1. Run the simple label-point estimate for Asp223 and Asp182 please: 7 Å along Cα→C-beta, distance reported in nm.
2. Among DSSP beta bridges lying fully in the chain, give the percent that are antiparallel, nearest 5.
3. Based on the alpha-carbon set only, what is the convex hull volume of the range 28-181 divided per residue, in Å³?
4. Please work out the FRET efficiency for the pair Asp18 and Thr422, using the Cβ-Cβ distance as r and a Förster radius of 41 Å; give the result to the nearest 0.05.
5. Taking the Kirkwood radius as the inverse of the mean 1/r across Cα pairs, report the Rg/Rh of the range 375-436.
6. Please sort 314-323, 232-241 by packing, taking for each peptide the average over its residues of neighbouring beta carbons within 10 angstrom, highest first.
7. Got a number for carbon plus sulfur as a percent of the range 1-83's accessible area, 1.4 Å probe?
8. If we sort 216-222, 419-425 on the protection proxy, mean other Cβ atoms within 10 Å, highest first, what's the order?
Amino acid sequence: MAAKKFYITTTLPYVNDDPHIGFALEIVQADIQARYHALMGDEVFFNTGTDEHGLKIYRKATEQGKDTQKYTDEYAEKFRALKDKLNLYPELHFIRTTDEHHKLAAQKFWNLCLEAGDIYKKNYEVKYCVGCELEKTESELVDGKCPIHPNLSVELINEENYFFRWSKYQKLLLEMYEKRPDFVMPDFRFNEIKAFVERGLQDFSISRQKEKMPWGVSVPGDDKHVMYVWFDALVNYISTLGWPEDEKAFEKFWGTVKKPNAIQVAGKDNLRQQSAMWQAMLMSAGLPTSKQIVIHGFITSGGQKMSKSLGNVINPYSIVDEYGADALRYFLARHISPFEDSDFTMARFKEAYNADLANGLGNLTARIMTLAETNLEAPIKKPKETKFSKEWISAIESFQFNRALEIVWSKIQKLDQKINETAPFKLIKSDPKAGRKLIAQLATELYYIARMLNPFMPETNKVILEAILANKKPVNMFPRKE
């Protein structure tokens, strides 16, 4: 039986700042799915990268007196480094929107929409949030400010630009939503975008005049304009597959009109772009739409939105340096809601680290492997297969990672309790044969737990499995932190 094809992508973060804990959440969520599907034998394509065009990138580089390309090169490397820092899927694809192939793909995509009659030119005036790189209506503003970027002034743009005929796709989008009730996850985000589209769609600008914003992909046939950052960046989801040249890889992983295959993970501030704008653009270009859009919430700190001015920004690099990648991956999957806004404080993190990892998983592994190394003459036989429970599979496939890990930790607690009740360290003295049999059973159950940790904590999974198969207690995986 041929392996199933699985495609998943994050959004591409802007390269105007260092990687933050919010994007770490997004890429870890996508990585868990990529690793899970690889574990189940699927052929996986996992995409991430950096969004490097747009007004705020250009302004940031100018403020620092740097060449814009060199500026983006520096920040792109910081995001590329997340692959090793967060121990991401080894075959992770990393795309930059300044890659030459991507720019050519974006221009090809533009021409397809132009040929469909969906691109036209007009003068317009609009309120614009540079932070979102998005037009804003009066109803979306709070006291004249964008609620997501209240520290930035909303700008008034008055110029001639190219527009995408979004209004043409209202009915088609609503029909697609109706046919595919799981298109957006979770349900309340799906209801949000359906209500937005039902209210009517306004055509949106897809270019900026080069004299005002020179940093972008040139519009085909009009060198006075560059593509609006969203139009260019969204194309990365297919250009990363070698589109338009590599039709085989595109159909293999992105899918077909009848059988879409692509899953996109994004934050709630990307709901409109991912589930309505991009889908209409794909329809215009005559390409298959995405299979599913998964929307996560924001990470707050102490109940407040993270910001440098408040001094509550969490740096994922510093956490990994002190606690290890798996500890951070565990916390993001178990203690941060997959869909709602969630609070992240170092106090909460340390509490979970000590209780769940140091005193929980780490201590259990040490207890069992000490018994095994001391009393078993040889390692246990490697189980032929791991039978994962339907509940665990269902939780992961529905992005409910917290529930999947609750299932695993329930097994950890039960195994700990079993040791307390059966007292193998006593049994081995009174009945060595029965004692060795019990210890082998404990090591086998620990093996199954480690396998269930594979998508979430890949290094921990590896360390425990190697220890079991070598019949040797591992070094302290999670030292307590005071």
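1. Roughly 5.1 nm, to one decimal.
2. Values: 24 of 46 bridges.
Within the chain, antiparallel bridges account for around 50 percent of the total.
3. On the way: hull volume 30.9 nm³, N = 154.
Roughly 201 Å³ of hull volume per residue.
4. The computed FRET efficiency comes out at 0.25.
5. 1.14
6. Taking the mean over residues of other Cβ atoms within 10 Å, the ranking is 232-241, 314-323.
7. Numbers: 1480 of 3000 Å².
Carbon and sulfur atoms account for 49 percent of the accessible area of the range 1-83.
8. Details: 216-222: 18.6, 419-425: 14.0.
Top to bottom by mean Cβ count within 10 Å: 216-222, 419-425.
The values are calculated or read from the model by the stated rules, or taken from the named source; none is laboratory data. This structure is a prediction, so every number in the text was calculated from the model and none was measured. Cβ sites come from the backbone with ideal geometry, for glycine too, and all protein chains shown count toward neighbours. Just the protein is used for accessible areas: all its heavy atoms, side chains included, with ligands, DNA and RNA removed. Shrake-Rupley method; radii C 1.70, N 1.55, O 1.52, S 1.80 Å.
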